[in-house]
Every structure is written in C-alpha cells, then in structure tokens.
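Reviewing the structure listed below.
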Amino acid sequence: MKSHRQELWFDVPQRRAFLNITPQVEAALGDSGVREGLCLVNAMHITASVFINDDESGLHADYEAWLEKLAPHEPIDQYRHNRTGEVNGDAHLKRQVMGREVVVAITEGRLDFGPWERIFYGEFDGGRRKRVLVKIIGE
Amino acid sequence: MKSHRQELWFDVPQRRAFLNITPQVEAALGDSGVREGLCLVNAMHITASVFINDDESGLHADYEAWLEKLAPHEPIDQYRHNRTGEVNGDAHLKRQVMGREVVVAITEGRLDFGPWERIFYGEFDGGRRKRVLVKIIGE
Amino acid sequence: MKSHRQELWFDVPQRRAFLNITPQVEAALGDSGVREGLCLVNAMHITASVFINDDESGLHADYEAWLEKLAPHEPIDQYRHNRTGEVNGDAHLKRQVMGREVVVAITEGRLDFGPWERIFYGEFDGGRRKRVLVKIIGE
C-alpha cells in the first residue's frame, strides 16, 4: 500500500469565498503514483469546508446567500462563541452545512468523478493563511 | 490490496425521491471479495445525495418537507443558478444538507452497520438517468 | 494492509449533548499499530452524529440553539415519523446537518489534525446506550 500526504495553503482576503481546488488535488494524485485507492481532502481548520459541487458562479452566489440566511454573520453577539473575542461564530455553523471533507475514488490513476464534480475550498472566516490536507492511500 | 468499482444507475421519474440502495451496495461488496476495508458510496451528480438513515416512510416525508422549507424549489427565479436555464438551484442546496457520500466500514465481508443503518440515494432533480459510484478497497 | 475495528459505547442521560471523543479514537489508533492510513469514525445510530469542530462550550451552545431552530423538537406531532410512537423525528434531521461520520488521515501513527480539530459525538436522542464505530485501515 502506498500513501501520500500533501498540504494546500490558501490565504483568502475576503471573509467568505469558494475556490476550485481540483487542479491542486489532481497534481497531488499525480505525485502519489496511486492508480487505485481513495483520496481524502479535508479542511484542517474548523471555519472552512471542502465540498464537491458545480463550478458555476450563480450557484456560488446562491450558496453564499443561503448560508447567510441559515447562519447570519451579524449581529455578532447572537453567538456565545463570539464572547471569546472571535467574530466567527457563524463560520463554524456554515462549515457544518457544507461539510469538512470529501472522499474521492481513484480509478486508473484519476479522480473518479461524475461529469460536473469539482472540489471546492469554502472559506467562511478568511483574512489569514489556512490549510487543506490531501491524503491518498492505495496502490 | 484489492479494489473494486461499480456504478449503480437510477432513473427517478419524480423530481424528488429517496431510494434504499443497500441491497445493490451489498451485492457490489460481494462481487469485490473484500473482507476488511472501506466502502465509499457517492452520488456522481451534484443534485443528488447518498446518505445513511432509517428506512421509514414517515421520516422520508419529514425530510422532504424540511428540505423544501430550508431550500424551496419555487419561486424558480430566487436562485441565480437558474438564470443558466436550469430549474434545479434548490437541488444543489438540498444535496449539501443531505451529503454527497458515505464511507462504510467492511468487517468480515459485510457492511459494518448499526441496527437501523440503511444507505439511500436522494434524488432532488429527477427525470433523467443518474449514477452512484461504489468504490471498495481492502483485503 | 492492517485493519482494526473498535466500538465506543456512550450512555448520555440528557436528550442532547456533545462529547469530545478524541482521546478514545487516539487510543484505538494506538491499538491498531497503523502508521499511515485512514481512520473512519461513524455513529452506528441514526439519531446521532460524529463531527469535527472546536472544543469550546460557547460554540456547543450555539450549535444546540441553531439546530433547535432548524429542526425543533416540539411540537412532537409536526413530524410524521413520530406517528410510529417515537419522539425523535427532530433528531433524524439534526443528525443530517451535523453528519454521520468523519474520515481522518493517519500520518506517522497520529491523527493528522489541524490545530483545533477535535472529534465529537453528537447525541440528539439520548437516554440509552449507543455506539460509535472506529475502523482503521493502513500500514
């Protein structure tokens, strides 16, 4: 069994954004040499998500508006977590809706995707350097 | 290490439905010959989910009503994604709540389930053929 | 390839609670002898979650209030599932928001975590003994 580990670093200037990280994950898979196996991609931070959906800017605007309705950023004092001095209470909630991680099948050396599947990093508390972990196991 | 890949195809005539796909996943596991490992089951389409819960029709009606409240199908023009000509903006949101994938342990050649765990395909934009991927790795 | 299976049992007296189960998962990893691989941790019950977030009591109070707003426990008769005699319809919905499982990378014999990542058991229908499964594969 082979295994491969790689970190992807991001520094999103806005508070919230969605980034297509599929090319970086594909590059990590190429480095791994794995042909059959599983690829875990997870946010290493608890106010960010990794998820799979469509690379369509209208949809991303819909996600942004919908998450802001489900878990509004303001007023800041509605979240007890923000009594710690943070202002990211909402980000911890939004991340649960969108998820921490994806697991993708590897078949014949490629990410085994449906036609529109792409991997996104969802940032909900930007303005600093944060990481995504890619861990690949297989043969 | 062994690996096994199988696609399951569905053509749900309604817009939304939940299908118990546990027997098909168990059959794929049987075909794999894997006794100890992990089984990934994921929707290959971005307006559908794979999730684990109870096979109880009242609960499925509750999920349907709840998801429609969290992300209503209509009015169609509330979603920017629908400006592309699609009418499935809501389906992309519902799928995030219910999830893309499950990873199930394989122990002694069986899906290692609690007493009520069953695997479901959640369709949120039916009326055409769509796929689920089963990828099994182990020994 | 090595594999290791362990059940963690919980009996939460309250209806709802969040328990940090990271030490028990780390102990299972130690028992496995696996140095490189993947660790699946999943609720075996369909009214409970396993998720990764911050071990901060204010945040947990925020999750509790938010989930109760998204899927209120009462009135009981709002859920068709409760016509079966259960009173846990809400718990099946809350569990979908927080998720069934996490998959964690194992690197050099440790859970490969970001700085604040901790694993939690989310109970939404307590008052009885329930289980979490830890399944580890790797080398």
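The values are calculated or read from the model by the stated rules, or taken from the named source; none is laboratory data. Small disclaimer: the values here were computed from a predicted structure and weren't measured. Positions of Cβ are backbone-derived with ideal geometry, glycine not excepted, and every protein chain shown enters the neighbour counts. Heavy atoms of the whole protein, side chains included, go into the accessibility calculation; ligands, DNA and RNA do not. Shrake-Rupley method; radii C 1.70, N 1.55, O 1.52, S 1.80 Å.
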Practice task
Would you mind finding the one in B:55, B:62 that is within 11 Å of chain C (Cβ to nearest Cβ) and open to solvent by less than 30 Å² (accessible area, probe 1.4 Å)?
Solution key: B:62
Fill in the blank from the handout: Per the list (1) within 14 Å of chain C (Cβ to nearest Cβ); (2) open to solvent by less than 20 Å² (accessible area, probe 1.4 Å), residue check on residue A:84 breaks on (2)
Fill in the blank from the handout: Within the stretch B:122-139, residues open to solvent by 10 Å² or more (accessible area, probe 1.4 Å), in contact with a Gly (Cβ under 7 Å, 6 or more places away or on another chain) and in a strand (DSSP E or B) come out as B:131
Problem - So residue B:94, is it under 24 Å from residue C:82 (Cα atoms), more than 9 Å from chain C (Cβ to nearest Cβ), open to solvent by less than 10 Å² (accessible area, probe 1.4 Å) and at pLDDT 95 or above - result: yes
Exercise for the section: Take the stretch B:28-76 and flag every residue that is more than 23 Å from residue A:62 (Cα to Cα) and of a type in the set (Val, Ile, Thr). Expected result: B:34, B:41, B:52
Problem - Of residues in the stretch B:30-43 being of a type outside the set (Asp, Glu) and open to solvent by 10 Å² or more (accessible area, probe 1.4 Å), the one nearest to residue B:104 (Cα to Cα) - result: B:35
Practice task
Only residues that are in contact with a helix residue (DSSP H, G or I) (Cβ under 8 Å, 6 or more places away or on another chain) and within 16 Å of residue A:71 (Cβ to Cβ): list them for the stretch C:69-88, please.
Solution key: C:70, C:71
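This table checks each residue for (1) farther than 20 Å from residue B:113 by Cα; (2) more than 16 Å from the chain's Cα centre (by Cα); (3) outside any helix (DSSP H, G or I); (4) free of Cβ contacts under 8 Å to residues at least 40 places away in the same chain.
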site	(1), (2), (3), (4)
B:5	yes, yes, yes, no
B:15	yes, no, yes, no
B:29	no, yes, no, no
B:49	no, no, yes, no
B:81	yes, yes, no, yes
Exercise for the section: Scan the stretch C:99-121 and report the pairs whose first residue is more than 7 Å from every other protein chain (Cβ to nearest Cβ) and buried (at least 17 other Cβ atoms within 10 Å of the Cβ) and whose second residue is part of a loop (DSSP other than H, G, I, E, B) and not aliphatic (A, V, I, L, M), with Cβ atoms within less than 6 Å and a gap of 6+ or a chain change. Expected result: C:118/C:55
